Amino acid sequence: MSFSELGGTATAAHVQVITTTATEEDARQIVRGAVERRLAACGQVLGPISSTYWWQGAIESAGEWLCLLKTTASRYEALAAYISAEHSYDTPEITATPITRGSRDYLDWITAETDGHR
């Protein structure tokens with residue numbers, strides 16, 4: 001059975017936005033606030049995770065919490081601005097990956113819970 005026969009659609013109208021935080025509490029607050037403001041239809045907090053990165057000329061390693069948020073591409077800028085304003089990091093990770101495949105019902109739900117409530 002093909003993906004489209006299962007009700008899937010190909011689209012770039014939806015994105016998964018990722019950020020990381022230093023604490024679980026910070027992650028939960030960012031996710032909850034984004035969903036309450038309907039900047040995202042849903043979000044998950046995963047962790048702790050181990051991150052390694054360059055910061056101020058040195059390689060650092062730290063435990064972090066990963067936030068995954070699903071929204072529409074049209075709500076990305078508002079969501080990114082919210083994350084940036086609420087985040088404790090000087091330069092938070094805020095990336096968006098297009099959702100190119102997904103069940104039609106799920107993608108419609110994301111749209112209804114974000115763009116449908118402006």
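The values are calculated or read from the model by the stated rules, or taken from the named source; none is laboratory data. Everything numeric here is computed off the predicted structure, so don't read it as measured data. Quick reminder, even Gly has a Cβ in these numbers, built from the backbone with ideal geometry, and neighbours come from all protein chains shown. Side chains are part of the model used for accessible areas, which takes the heavy atoms of the whole protein and leaves out ligands, DNA and RNA. Shrake-Rupley method; radii C 1.70, N 1.55, O 1.52, S 1.80 Å.
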- Item | Flag for Tyr76 being among the aromatic types (Phe, Trp, Tyr) and under 14 Å from the mean Cα position of the chain (by Cα) | yes
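Can you name the residue in region 10-23 that is aliphatic (A, V, I, L, M) and farther than 13 Å from Ala96 by Cβ and is also most open to solvent (accessible area, probe 1.4 Å) among such residues? If you could, list the steps in order and put the result at the bottom.
Filtering region 10-23 for residues aliphatic (A, V, I, L, M) gives 10, 12-13, 15, 17-18, 22.
Applying the additional criterion that residues be farther than 13 Å from Ala96 by Cβ yields 10, 22.
Details: Ala10: 71, Ala22: 49 Å².
The qualifying residue most open to solvent (accessible area, probe 1.4 Å) is Ala10.
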Filter region 24-43 for residues that are open to solvent by 30 Å² or more (accessible area, probe 1.4 Å) and in contact (Cβ under 8 Å) with a residue 60 or more places away in the chain; the one that is nearest to Ile110 (Cα to Cα) is Arg38
Restricting attention to region 72-108, the residues that are over 15 Å from Ala12 (Cα atoms), part of a helix (DSSP H, G or I) and in contact (Cβ under 8 Å) with a residue 12 or more places away in the chain number exactly 7
